[in-house]
């Protein structure tokens, strides 16, 4: 099944290209066979989405041609592609929240009797589809808006399965799914493969890609950097091919000296989310927090940052009691939060880099309440240089920067403010692999300068690469702490599951 | 990679402030508004021989001070993502308090003016505090204030126009070259508002709050006090508007300023300030005030009827916003 068949390919791409103001896709030639899972890998902006949108009929190619079973294929719209059996599940949800699951599934072909919606017929058609994506227990009448994000994604996938489907394109389908839902999705993909459906699977999760795909096509800067059998590639090979060079080889987590205790947390508790958590953060230390979804890590960060108040527990920062009642008091005490939602909560997107960098330290670039624009520009220029933020200049709006450079702007804000403690929630979420290592190197360098950091990440390898120590939370409790060198993936995962196994009724992740 | 940020010393502000640097987008906005203003003057000049005269410009200059200062306040309110519908009523209420203080309580002009300003500020503080601390949209709270302040104006004046007499009119009487002190004061307030928004920490905080309040909170900034202050400023400037109106009429009319909130908002929006918050300019709002004033007086001079005037004013408001939308899209594309 992994070997390309000698028979006619289901889909053949010949020299496909797309040019907007510049080329985003160039000279992509590729065959796809019935019953094959082809993964598309590549960094953000490598052209994965553009390629899949051309095949799915959402965009037209500016060069090249496509053939389906030897016949020219040039869909003018998504509907035209669907008539040829090519269906696409988009990354962004395109469901209508107040309408029911069944109505969303058959939005364009709602059955009617005497001009009225035929609910019975609708539900009869919806139920088998819902069963295929593990929603058999749900009432087809349930408004989609009442479902969790993962379930909504499953509805979206079920919609891709309505009608005739020979080629299914899934763009980051697992991004918002829980592990259980992802397993269900993989089952479904296996079944479709067995039925002879060809599947194009786009994902950032490379281990997932390797497990699922027959072949992996890697795009870099809009060109095909290689197509190989998934069995022949290691995750490291995929990364190297995506980025075009060895990443991580130059990253050196060492050379840090860990000083005395800086932040001492004792018996922190709040509700069921955080229970009796104690730990100590040292000067110059990077302390990781691992755990499953629902283990209470973001809730703990909120307590450290004064966004919520603990029911019990004490904190001591630099030898003084630390009881922040608001983020403002936390920042004043020297604790900064770098949120996982960079765009939504971290940055003022339409404003200039300089305004974002000086936001938390405007007083230092102002005289008597008046902003000194020259001092502000100087401060921004210096940090742009120090952190190697790639931009035109300090006046450029941060909305125009890449994810990695946006994260550097957030870091620059807290370096200017000179906060000794940084709380980082998923610091590399949505950042390309190449840029990710730049962030790691930057964090390591900051710790060498004596900054202390607490890092939450769902990527265990990231924590193992970056941290001096990893605390594992499970069901709101601290389930273990491991020093660098004394950890391995299995023992960390075992600790992460421990609390949830003991009290499985307590919380559904 | 071997990025080695050497050190991060805290910056030392240079003592001499640099010149303000409006972005290219702001400059094209002023140019566009100025072009629209000139075009309107040329058009009305061609249609009426009386329009392009010093007298008609003096008339306009002496009509707009109230609208101009209230547009300054409204620009701030819209920038933080709020709206204040009560400004016309607050103007009437402040004017009523002023007239009662002078005529019935015999407190004199200065105390009357002082009481009027305090009244406006208290109204604004009420709207701001309720809406910010209880998280009720300012649209709703200011709608309530619109009714309350109007009721206050009727109560204070006994529902009659309260005549004050000639000594207040010195504020709006033509002074140097036919221009009143009120107009000069309005210009000063516009300039101060512009500096406040663009050059101060307070102004930067307001833009940040309007852009993304939660991000501001996480950056360690307490967002409530500046927001309440903005509504207080709006109330204060409505009272300044009241002062100008009372001076011009030499009387406080409890029906003053009915529907004025809409003219103020229209002027600010014509200037390109976004109703979604985060984007706006005090100077551009002043251009918006001038456009509305020229339009009204020009239409009056060519003899347009009241219904026609309103239809054309409405078209101009929508047109201005459509044009501004295309302008800002073009600006963001070219960068």
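Ellipsoid semi-axes for region B:98-148, based on the Cα gyration tensor and the rule √(5λ), read 29, 10, 6 Å when sorted largest first.
Taking the DSSP beta bridges with both ends in region A:365-509, the antiparallel portion is around 60 percent.
In the protein assembly as shown, the calculated helix contribution to ellipticity at 222 nm averages -15000 deg cm²/dmol per residue, counting -39,500 (n - 2.57) for every DSSP H run with n ≥ 4. Seen from all directions on average, chain B presents a Cα convex hull projection of 21.4 nm².
Taking Cα atoms only, the orientation of helix B:181-199 departs from the longest principal axis of chain B by about 10 degrees. The angle between the Cα long axis of helix A:489-502 and the longest principal axis of the Cα atoms of chain A comes to about 90 degrees, rounded to the nearest 10. The convex hull defined by the C-alpha atoms of region B:242-335 has an orientation-averaged projected area of 7.9 nm². Taking the DSSP bridge list for the protein assembly as shown and keeping only pairs wholly inside it, about 60 percent are antiparallel. Summarising the strand pairing of region A:11-243, around 55 percent of its internal DSSP beta bridges are antiparallel. Other protein chain C-beta atoms within 10 Å of residue C-beta, averaged over A:383-392: 2. Of interest is the spacing of the C-alpha centroids, which for region B:156-176 and region A:312-380 amounts to 49 Å. Across all Cα pairs in region A:11-243, the calculated P(r) in 10 Å bins from zero up to the longest distance comes to 8, 32, 35, 19, 6, 1, 0 percent per bin. Per residue, the convex hull around the alpha carbon atoms of chain A comes to 180 Å³. Annotation: Cα Rg of region B:62-111 relative to the compact-globule expectation 2.2 N^0.38 Å equals 1.44. Look at the stretch A:425-437: the mean tally of other chain Cβ atoms within 10 Å of its residues' Cβ atoms is 0.
Just want the ordering: B:57, A:289, B:44, from fewest to most Cβ atoms lying within 10 Å of their own Cβ. Spell out each step's value before the answer.
Details: B:57 16, A:289 27, B:44 21.
The order, fewest Cβ neighbours first, is B:57, B:44, A:289.
For chain B, the longest principal axis of the Cα atoms and the long axis of helix B:224-249 meet at an angle of about 30 degrees. By the beta-carbon count within 10 Å of each Cβ, the least crowded to most crowded order of A:201, A:114, B:163, A:73, fewest first, is A:114, B:163, A:73, A:201. The mean number of Cβ atoms from other chains found within 10 Å of a Cβ in peptide B:203-211 is 4, as a whole number.
Let me have the relative contact order for region A:11-243, percent, based on Cα pairs under 8 Å that are six or more residues apart.
Relative contact order of region A:11-243: 29 percent.
Post the alpha-carbon centroid distance, region A:399-478 to region B:265-335, in whole angstrom. Value for the Cα centre distance between the two parts: 46 Å. Put in line by how crowded their Cβ is, counting other Cβ atoms within 10 Å and starting with the fewest, B:306, A:400, B:162 read B:306, A:400, B:162. Over 24 Å apart: what share of the alpha carbon pairs of region A:212-341 falls there, rounded to a whole percent? I get 51 percent for the Cα pairs in region A:212-341 exceeding 24 Å.
Laboratory data are not the source of any read-out in this text; all were calculated from the coordinates shown. Just so it is clear, the structure is predicted and the values come from calculations on it, not from any experiment. Neighbour counts run over all protein chains shown; Cβ positions are idealised from the backbone, glycine included.
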